[in-house]
1. Is it the case that A:LYS305 is open to solvent by 20 Å² or more (accessible area, probe 1.4 Å), within 14 Å of chain B (Cβ to nearest Cβ), modelled with pLDDT of 95 or more and not in a strand (DSSP E or B)?
2. Could you list, in sequence order, all residues of the stretch B:1-57 that are in a strand (DSSP E or B) and among the basic types (Lys, Arg)?
3. Within the group B:PHE162, B:PHE64, which residue is outside the structural domain of B:ILE289 (by TED's automatic domain parsing), crowded, with 21+ Cβ neighbours inside 10 Å and either acidic (Asp, Glu) or on the phi < 0 side of the Ramachandran plot (or both)?
4. In the stretch A:270-302, what residues are part of a strand (DSSP E or B) and within 14 Å of chain B (Cβ to nearest Cβ)?
5. Conditions first: (1) surrounded by fewer than 19 Cβ atoms within 10 Å (Cβ to Cβ); (2) at pLDDT below 95; (3) touching a Phe, Trp or Tyr at 6+ places or on another chain (Cβ under 7 Å). B:GLY284 passes all but one, so which condition is the exception?
6. Hey, could you check the stretch A:229-269 for residues that are more than 10 Å from chain B (Cβ to nearest Cβ) and open to solvent by 10 Å² or more (accessible area, probe 1.4 Å) and say which is farthest from A:LEU219 (Cα to Cα)?
7. Does B:GLY319 satisfy being of a type outside the set (Ser, Thr, Tyr), within 30 Å of B:GLN2 (Cα to Cα) and surrounded by fewer than 21 Cβ atoms within 10 Å (Cβ to Cβ)?
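The values are calculated or read from the model by the stated rules, or taken from the named source; none is laboratory data. All values reported here derive from a predicted model rather than from experimental measurement. No Cβ is skipped: glycine too gets one built from the backbone with ideal geometry, and neighbour counts run over all protein chains shown. Just so you know, the surface numbers come from the protein's heavy atoms only, side chains and all, with ligands and any DNA or RNA stripped out. Shrake-Rupley method; radii C 1.70, N 1.55, O 1.52, S 1.80 Å.
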Number of protein chains: 2
Amino acid sequence: MQKTTARAYSNIALVKYWGKQDAGLRLPMNSSVAIALDQIYTTTTVEFGDQYSKDLVEIDGDQFSDEESQRVIDHLDRVRKLVGIHLKAKVVTKNNFPKGAGAASSASGFAALSLAATKAAGINLSQKDLSILARFGSGSASRSITGGVSIWYTGQNSQDSFAEAIELPKEWGLRVLLVFVGNLKSKKVSTTEGMARTKATSPYYPVAVKEAGKNLQRLINSIKDKNWSEFGQVVEDECYRLHILCMTTRPNLLYWSNETVAIFQKLLNLRDHGITGYFTVDAGPHVHIICQQSDADQIKSDLGKITGVNKIVDCGISGPAQTIDQHLF
Amino acid sequence: MQKTTARAYSNIALVKYWGKQDAGLRLPMNSSVAIALDQIYTTTTVEFGDQYSKDLVEIDGDQFSDEESQRVIDHLDRVRKLVGIHLKAKVVTKNNFPKGAGAASSASGFAALSLAATKAAGINLSQKDLSILARFGSGSASRSITGGVSIWYTGQNSQDSFAEAIELPKEWGLRVLLVFVGNLKSKKVSTTEGMARTKATSPYYPVAVKEAGKNLQRLINSIKDKNWSEFGQVVEDECYRLHILCMTTRPNLLYWSNETVAIFQKLLNLRDHGITGYFTVDAGPHVHIICQQSDADQIKSDLGKITGVNKIVDCGISGPAQTIDQHLF
């Protein structure tokens, strides 16, 4: 039993995960692809010990709900069951970005927790097994274990559903600009809740799941062919696929703000002038822009002029979840 | 043969028309419902005579393309064929709003032209036959013949596909606020072209057509039950239905601007405070808000504060297309 700290990176999905085929196992309806971002991460320290009479959880100081705390404790239970211990733990976690606002804090959070908690409990899991464990906390966390660019397989059962790394053409020099807009308060409807509602109520869901499969194949082909514009087109088709599902969920989920669409329109306008930044948006108003190094400065400069754009974080592709030396308590 | 002037009103669809089952006959894929707006109209004067050696067409001075002019001439040909004459005509038409920017200028335009041209050619058509004739010029024009609140039937053949009036509960005191936003230039992709592209390329189209049928029934039930919030919900579901089809058309059609979404979000916020304005958007960025008289002032005041909102036109429900005394030339 040794106090352990781990760091994992947020990821942005290019082929989106939205809905589960098995809610208990968190098996997704379709395979997804994501890029992990080196500037956006969660750091988590875990210590098991008999000095703790109950689990103590702290997320960004006191910025968390009972529900969030319980979700962490449930994940500690999975680790305890795996290792065969009954010790309580202290968990301190810090996000270097606002959580619950569409920047995938649960992905980096449960990836960091999975790595820190297993190491702290004295076991070393393979990347595949860590990815599976993280998936139980939050589906997209499976991809933050892998880091880099990863594909998370649907799977037929729990052991089949994990993420593994894939490669992009090096010459693309890919950057992801994360544009934070408007107010950064937590969204009203959580991702988990939104997904369940969509599957239950959107008449477009069955077609959309089939489209996800086609778009995954298109994305893989575009990488193989080094076809940048097709790669970007798939990214935007997938952004629309997610949000049309949300818009047709009842009650409707409109995650976009005016700034979201202002950014879309500016990027479409820049594209007419040969600057190719492709947009994608998760379950919130913020926009991730996939671009090449050579266009990044121009895009940042133009988007920075839009009213309501608060901050643009220029990210490279991160490594996998990893342990670090510096503890949070 | 007598110079005749007619006026017809723009209409905003509550259940949307988007795509044709028969392009030649302009038979729509689904039945639709619309409200005609008393403040937004087209006035058209037509004169047939042997003093004209060719058709002379003028739309808003010189604000029209060869293609638009040809579409008018094609419609004159339909009238000539119907009446059995070969005389050329002069047509002068004026919109009291910017055309081609999502305010349904082709609807009011072809309705006014159908009425003026048939009268000028010396025949009196029934409202049903005028609606059918107008449909050949522009599908939604069939609804501007009827005016008021109208339903345009899909039809199995040309004679079955026309609009007729329906009634809303009088106590709703319904208003339509037309909010013009951003720049008012003509859109890049015409409605006709957009519809054809969507039918050919959006994987969601077959489901969306079925949804239109369900939403029509929901709308009719909500009117019968005087259920205002359900009526509003259908209006917004139909707005989303149209725009998700456009967003999933390839190349993608994103008609919304930042102001469009700013208005959506403001209305959703007002709704939390008991002010019920429901949004709908045609193929452009401008927003039509369906509300009750009692809420109209509050909504106008709040939306007027949004940057990029150029003008709010407070409309009642119009009458049918009609001839008027004052000629344009």
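1. Here the answer is yes, as A:LYS305 does meet what is asked.
2. B:ARG7, B:LYS20
3. None of the others qualify; the one that does is B:PHE162.
4. The answer is A:TYR278, A:PHE279, A:THR280, A:VAL287.
5. Checking B:GLY284 against (1) surrounded by fewer than 19 Cβ atoms within 10 Å (Cβ to Cβ); (2) at pLDDT below 95; (3) touching a Phe, Trp or Tyr at 6+ places or on another chain (Cβ under 7 Å), the one that fails is (1).
6. Result: A:LEU253.
7. In short, yes.
Listed here are the residues, each with its yes/no results for (1) surrounded by 19 or more Cβ atoms within 10 Å (Cβ to Cβ); (2) at the interface with another protein chain (Cβ under 10 Å from one of its Cβ atoms).
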site: A:GLU193; (1), (2): no, no
site: A:PRO203; (1), (2): no, yes
site: A:ALA208; (1), (2): yes, yes
site: A:GLN217; (1), (2): no, no
